[in-house]
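In what follows, a structure is listed as structure tokens, so that the remarks can point back to it.
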Amino acid sequence: MAARKIIIDTDPGQDDAVAILLALASPDEIEVLGLTAVAGNVPLELTAKNARIVCELAGRPDIPVYAGCDRPMNRELVTAEHVHGKTGLDGPVLPDPEMPLADGHGVDFIIDTLRAHAPGTVTLCPLGPLTNIATAIEKAPDIVERVQQIVLMGGAYFEVGNITPAAEFNIYVDPQAADIVFKSGADIVVMPLDVTHDALVTPHRNDAFRALDSKVGHAVAEMTDFFERFDKEKYGSDGAPLHDPCVTAYLIQPELFSGRFVNVQIETRSPLTMGMTVADWWGVTDHPPNALFISDVDADGFFKLLTERLARL
Ligand code: BDR
Ligand code: CA
């Protein structure tokens, strides 16, 4: 089968970085057409820089990296330096990128790419707030029916929230954008906290990255060492969840994951539950399903895939 063409929309972020590395290590299954950076974990200037650092770490300075939106659609930006560090990519010491940003706006790249390819052949992989994707949909509604699938990390149901008691970070940062995406009618697959909280980087799994004894292996181990400190303390768990790589792993080995096709709506008004993903898991409404909400992952299989693929870089 031909490699699946994707655009990764991202706010690196150590876990975004690992998701991007996994995609770039898997050219038989995934063709990365470009990266679009969005403001999220840290401001846009840093996410756009970090995306290029990751491409260069993977030896792929040819991947176009575009800067996208620098703030949510209609509220102030909330960032997460308390998790990811001041740079967003704290942990390993990595050189500043030499590759320049691609000319143009990330939103236009998304629109132009979807219009330039046959309908149903380009998948969007958002790993951060959905600002770029929703802005593209608002600007060019015709792209919705051209998208093959949107496979995103965001939201939660039983796990509820990580940035507020009710909301997951990516959705909380730009709930209006998430609302537009979930109402768009696109084919959506969601990796919520319910599944990413099972993808824990235990010491044993992180040792396997380090044992690759390569630039990438050490960088990934040092990235997870860094953000683990915060999550281990918060959750009292054996390791931190590796959220965003669930998206790119799904494209390579979907059989590692399972979930339910349910109705998902976004809270955009209540200050108490702003950004909550209300998923009709038990089918108690007659609202039509709009997203495949993933709930389970074969965690050992996931880490095996990740380690094997990172070894190729
Ligand atoms: C999500 O928020 C970010 O901090 C991570 O990169 C991930 O995309 C998890 O809630
Ligand atoms: Ca992210």
Label points 7 Å out from Cα along the Cβ direction at D108 and E81: separation in nm? 3.1 nm
Given the pairs K86/K232; K215/K304; K183/K234; K86/K215; K86/K183, which are separated by over 27 angstrom at their Cα positions? K183/K234; K86/K183
In the chain, taking the dipole from +1 charges on Lys and Arg beta carbons and -1 charges on Asp and Glu beta carbons about the Cα centre, the listed residue (V107, V297, W281) farthest towards the positive end is V107
Please work out the C-alpha center-to-center distance from the range 233-262 to the range 1-36 and express it in whole Å. 16 Å
Nearest-20 debye value, the range 1-78 charge dipole, Cβ charges on Lys, Arg, Asp, Glu: 120 debye
For G13, enumerate residues with amide H under 5 Å from its amide H, sequence gap 5+ or separate chain, H modeled in the peptide plane. L89
Inter-centroid distance (Cα atoms) of the range 74-130 relative to the range 291-313, Å: 22 Å
The range 27-65 scanned against label point 7 Å out from T121 along Cα→C-beta; backbone N under 16 Å for 30-34
Got a sec? How would D298, D231, D16 order by Cβ neighbour count within 10 Å, fewest to most? D298, D231, D16
Phi-derived 3J(HN,Hα) across the range 280-286 with the Karplus relation (6.51, -1.76, 1.60, θ = phi - 60°), rounded Hz, x for Gly and Pro, is 7, 4, 9, x, 8, 10, 9
GNM on the chain, C-alpha springs below 10 Å: top fluctuator among S295, S270, S26? S270
Just the Cα atoms of the chain, one point each, no solvent: what log10 I(q)/I(0) does Debye give at q = 0.09, 0.14 Å⁻¹? -0.38, -1.01
Could you derive backbone 3J(HN,Hα) for the range 243-257 from the dihedral phi with the Karplus parameters 6.51, -1.76 and 1.60 (θ = phi - 60°), listing whole Hz in sequence and x where the residue is Gly or Pro? 5, 5, x, 4, 5, 6, 5, 4, 5, 8, 9, x, 5, 6, 10
If neighbour count is taken as other Cβ atoms inside 10 Å, put H84, H287, H204 in order from fewest to most. H204, H287, H84
So what is the calculated 222 nm ellipticity per residue for the chain, using -39500 (n - 2.57) for each DSSP H run with n of 4 or more, over all residues, to the nearest 500 deg cm²/dmol? -10500 deg cm²/dmol
Compute a Gaussian network model of the chain, connecting alpha carbons closer than 10 Å, and tell me which residue from M223, M153, M99 fluctuates the most. M99
Of P43, P27, P129, which has the largest mean-square fluctuation in a 10 Å C-alpha GNM of the chain? P27
Among L46, L101, which comes first, second and so on when ranked by fewest other beta-carbon atoms within 10 Å? L101, L46
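Values in this text are rule-based calculations from the coordinates and carry no lab data. The structure displayed is predicted, hence computed values, not measured ones. Note that we place each Cβ from the backbone using ideal geometry, even for glycine, and neighbour counts take in every protein chain shown.
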